[in-house]
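In what follows, a single structure is set out as structure tokens and then discussed.
Quick note: the coordinates plus some simple rules give every number you see, no bench work behind them. Source: prediction; values computed, not measured. So basically every Cβ, Gly included, is an ideal-geometry build from the backbone, and we count neighbours across all protein chains shown.
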Amino acid sequence: MSTGTSPVAVPLARAAAARDVDRLRAHGDVTRHGWKVEYDGGVLVTVTLAAQAPGYAVNRSDPYVITLDCDSYDTWPPEVKFVNPETLRYVVGEDESWLPRIEGFPNFGLHARYQGFAGAPTRVDQLVCFSLTRGYYDSNHVPEPHQRWTPGRHWLYSTIRVLHRALQSGYYRGRIG
Amino acid sequence: MSTDEAHAEYEKVEKDVPKQGHVVFTITYDDTGAETKVTAAGGWRLREVIDKAYEALGETPRPGDRVEAKGVSLEPYFNMRVEEFVDRKIAPDLHFNIVSHTGGAAEPGARTRP
């Protein structure tokens, strides 16, 4: 029986990440929405997205720094985390204030401390959970066939676009902290 | 310029420049990031614009697909004519997104691979 995701050879994951970072930077939404994209040259992509809660002035937004760990990419989706912008890490018990409060967004879970990852029963970590994140598959979820991460169809953009939508005024309610 | 080249250039201009009274919509398919443009006559229904976009994108509607402009569903306007849709400035930048339904946290089950 399979238990969650599985590793992808580093050179393959790195090549897929590098290819899709280039595609992402060329996409019109980067300029359209002011996404900031950074890449470490390996398998870690960092994006900064702007969130707007109801009642915010047009030019007001809250920035969120999100890491997309592509170490199993693109056989599997990236592992997504909202992180401390200073450390680019998320430490349970210390960094919850960097999480957004998102309400009513369909099929989207954000857990500040989740325990129950496949193959790692003692691991406690942030879980961003929808079918275009790796955590979804590592936390005992099964998508409908048309929702399943599909290499060659889904890519970094597909995941980031869902995060962008969740951070807009229909669903975003400000920082947790 | 040869006759063939001139004809090709003419066709390109015909294709790229909307005729008077026509409206050019940009549609992004969120699932793949693909973008397309649809040139619509004022008398078209919005639903026809969406149908053309799917066709141009090489996609078919999936269960739960939603068409949005800046996060707002356009479904209430699907039967509206393009000219009225534009006059009412419902999506002033004429940019739509087709949003596919993702799987979410409410569907626990056996572990699986994509």
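A few notes on this one:
- Derived value for the range A:23-177: Kirkwood hydrodynamic radius 16.0 Å. Basis is the mean of 1/r over every pair of different alpha-carbon atoms.
- Here the Gaussian network model covers chain A, with springs between Cα atoms less than 10 Å apart; of A:TYR56, A:TYR73, A:TYR64, A:TYR56 fluctuates the most.
- Coordinate range along principal axes, alpha carbons of the range A:128-177, Å, largest first: 33, 23, 16
- The distance separating the Cα centre of the range B:32-67 from that of the range A:15-34 comes to 23 Å.
- Most fluctuating residue given options A:VAL37, A:VAL47, A:VAL142, as computed from a GNM of chain A linking Cα atoms under 10 Å: A:VAL142
- Kirkwood hydrodynamic radius over Cα pairs of the range B:20-99, then Stokes diffusion coefficient at 37 °C and 0.692 mPa s, in µm²/s: 264 µm²/s
- Among B:LYS70, A:LYS81, the order by Cβ neighbours within 10 angstrom, fewest to most, reads B:LYS70, A:LYS81.
- Share of alpha-carbon pairs per 10 Å distance bin for the protein assembly as shown, given as whole %: 6, 26, 32, 21, 10, 4, 1, 0
- Taking label points 7 Å from Cα along the Cα-to-Cβ direction, A:SER6 and A:HIS146 give a separation of 2.9 nm.
- Spacing of the modelled spin labels on A:ASP62 and A:ALA15, each 7 Å from Cα toward Cβ, amounts to 4.2 nm.
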